[in-house]
Structure formats: C-alpha cells, structure tokens
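This report concerns only the one structure given below.
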C-alpha cells in the first residue's frame, strides 16, 4: 500500500505536489491552533509555547545528529539569536491570543505578516517598491481596519496580540531573508529550535505548572504538528513557485472557521470574512510583485508557529 502511494506521488507534477503540501501545512497549523487553545485552558500559553519548541526541535534532532551537527555551524550566530528572540516573542503573543478571540479572527489578522515584512524590507533592506506594491500594502491595512473597526468597537487584547505577533514574525522573516544568503535552510531551522527553547523557557518557568500525563501527550502532539507545518511548508516552496502557493494559504482561514464552529461554536461575522479576504489578497499581490521585480521571495510561512 505504501509503495502504491509512493508511486502515485512520484507521478504527480511538481505544482500539484506543492499545492497538496501547502494545504497539508495549513491543516497542521490549524489543528495545532485548536490544541493550543484547548491546552491553554489549564496551562499558561507561555508554558505551551515552550513545550511546542522543545518537542518540535526533538522531531528535527535526528536530522541534525545524522549531519554530525554540521547544520549548527554558522558565522552568523548573532543574527540567529536575534531571529530567535523575534520568533519567540511572536509565538508567545500568538499562543496567548488563541484563547481570547475566535480562530477565524486570529487567522485573518495573522495574514498581515507579509504586509509588515514588505514595509520592513523597505526600511532595513533598502528594497524599492513601485506604486502597485504600495497599493497592496494600503489595501491590506484597509482589510485590517474592516476587521477591527476602531471607533465602532473597542479593540480587544486578543487582536492586538495577533497584530503584534504578525509584526514580530515579519521581523523574523526579514532575518530569514538575510540568513538564507549564507546559511542552509536546516541551519536556520536548527538555530530557531535551539534559541526558542531557551528563550521560551524563561517566561514559562515564571508560570510553571507541571503537566499531567494526558496534557504531556497533547503537548507532544502540538510540537509534532508545529514541525510538520514547517516541514511541509518548506517542501511545498521547494516543489513549487511561491506565487502559485500563496493563494492556498487562505485555506488556513477556512480551517479556522470550520474548527471554530465545530468545536467552539464560533460564527465569524461578515467583517472578518471581508477583511480577512482583503488582507490575504494584498499579501498575494505583494508576493506577485516581488516575483516580477526579480527579488527572491522569503520561503516562510505567514503562520506564526
């Protein structure tokens, strides 16, 4: 049976493989978000984030060992440490937000990460944008305002945390852009694992509650899902063009709506649908303009995991 599946998979086009992997990545991410929300009812989000980092790193540890730890060799250690700090901050904020607002709202606002990345690339990398890309950025912020509706509604803590998380994740992706010029992708992932374990343990110890066996099992699953998300996403970008794959990241919002309604009885309002779609389309347009300008896209997820 396994051989038949392998043969069928091998016979598929690279584009079809990449689309399937991208959708699988969104499913893993959405499932992890559900489990994080459930487990943060009894454990603090900081502690859940630490175990996600720990068990996620254990998943990729065999690859590092087989390489005789050569993937930990780098001349850019300071950059990896800064990237780890940004990534950890983003994860702590994101996990904290999952218990405060609907999954659909979380996913919609998380799509702002590529927009923040585009702005940071102009400021710190000196990238030049033409009018079309600036229009896409403005469109993304309009989508964000539609969801938040400041002046009509009080902006809640959960939404602020997601936006802050997206901003720090964009900063993390900026460093991926820089590091990918000199370091292997597994080197980047490996150092991310090491730094996030150490940095997330510090706040986790302040709110520590020893998990019982059942909780520990779910924390292992969360870590595995986090690594599965990143591995399938990385392979998707390896198989296919990022501009082809970006639209399928929108499936993450669909999963969030389905799981939110099925498990928590959440029904997203029409503003979340409209705003989330606008934000997502703006991110796709930014990716398309980046390709046309012959810039190398950052092979990174818009998901903060």
Fewest-first sequence of 262, 152, 218 by Cβ atoms within 10 Å of each Cβ: 152, 262, 218
FRET efficiency, residue 164 to residue 264 (Cβ-Cβ, R0 35 Å, nearest 0.05): 0.90
Sites residue 16 and residue 124 - FRET efficiency at Förster radius 30 Å, r taken between beta-carbons, to 0.05: 0.25
Helical contribution to [θ] at 222 nm, DSSP H n ≥ 4, -39,500 (n - 2.57), averaged over the chain, rounded to 500: -25500 deg cm²/dmol
Segment 135-159-segment 46-98 distance, computed between alpha-carbon centres (Å): 31
Contour excess over end-to-end distance, with Cα ends at residue 135 and residue 75 and 0.36 nm allotted per residue: 17.8 nm
Relative contact order %, segment 15-292, counting alpha carbon pairs below 8 Å whose residues are six or more apart: 44
Pair residue 221, residue 209: separation of 7 Å Cα→Cβ label points (nm): 1.9
Pairwise centroid distance, computed over Cα atoms, of segment 200-264 with segment 31-45, Å: 11
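Just so you know, all these numbers are worked out from the coordinates, no wet-lab data involved. Fair warning: this is a prediction, and the values are worked out from it, not measured in the lab. Cβ: placed from backbone, ideal geometry, glycine included. Neighbour counts: every protein chain shown.
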